[in-house]
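A quick write-up on the structure given underneath.
The values are calculated or read from the model by the stated rules, or taken from the named source; none is laboratory data. What you see is a predicted model, and the numbers here were worked out from it, not measured in a lab. Here the Cβ positions follow ideal geometry from the backbone for every residue, glycine too, while neighbour counts run over all protein chains shown. We work out accessible area using only protein heavy atoms, side chains counted, and drop any ligands, DNA or RNA first. Shrake-Rupley method; radii C 1.70, N 1.55, O 1.52, S 1.80 Å.
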Amino acid sequence: MRTMEPARRALHLLDDHTVGRIKQVFGEQRDDMWLWVETGERWQAQDLTAAEAAKVDQYVAAVEAFAASNTVILALADELAAGTIEATLAKSGLELGVETLAGALARQANPFLDASPVQV
């Protein structure tokens with residue numbers, strides 16, 4: 001997630017292929033998440049020692065955190081897809097000028113708009 005933050009501030013840093021690959025990999029992870037959830041549920045249903053139950057609880061919490069971060073990354077990839085190198089090159093000079101001016105005005109109104117990184 002932290003490695004994608006610079007691209008959020010300067011959308012033109014990534015190309016279509018890179019954003020597509022991010023969406024593919026994290027989409028597959030999202031689609032397979034049920035396997036990890038189901039595994040945790042099966043382990044929780046067993047007769048476990050206190051130490052084993054604590055480890056299973058750690059596993060379940062890690063899976064929940066991973067699912068949440070996966071959702072955030074996929075949303076960010078969707079956001080970044082609109083501003084890839086290819087998308088930027090396809091825009092006219094007028095469109096780019098208006099977007100740049102709008103971004104500058106937004107930063108002037110709220111200089112901390114993009115300053116807070118997303119913690120996952």
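With the crude spin-label approximation of a point 7 Å out along Cα→Cβ, what separation in nm comes out for residue 8 versus residue 90?
With each label placed 7 Å out from Cα toward Cβ, I get 2.4 nm.
Would you check the accessible area of residue 28, probe 1.4 Å, heavy atoms only, in square angstrom rounded to 10?
Residue 28 has an accessible surface of roughly 100 Å² with all protein chains in place.
Roughly what would the spin-label model give for residue 41 and residue 53, points 7 Å off Cα along C-beta, in nm?
It is 2.0 nm.
Sorted by packing (mean other beta-carbon atoms within 10 Å per residue), highest first, where do 45-55, 61-71 land?
61-71, 45-55
Assuming R0 = 25 Å, what is the FRET efficiency of residue 79 and residue 32, from their Cβ-Cβ distance, to the nearest 0.05?
FRET efficiency, residue 79 to residue 32: 0.60.
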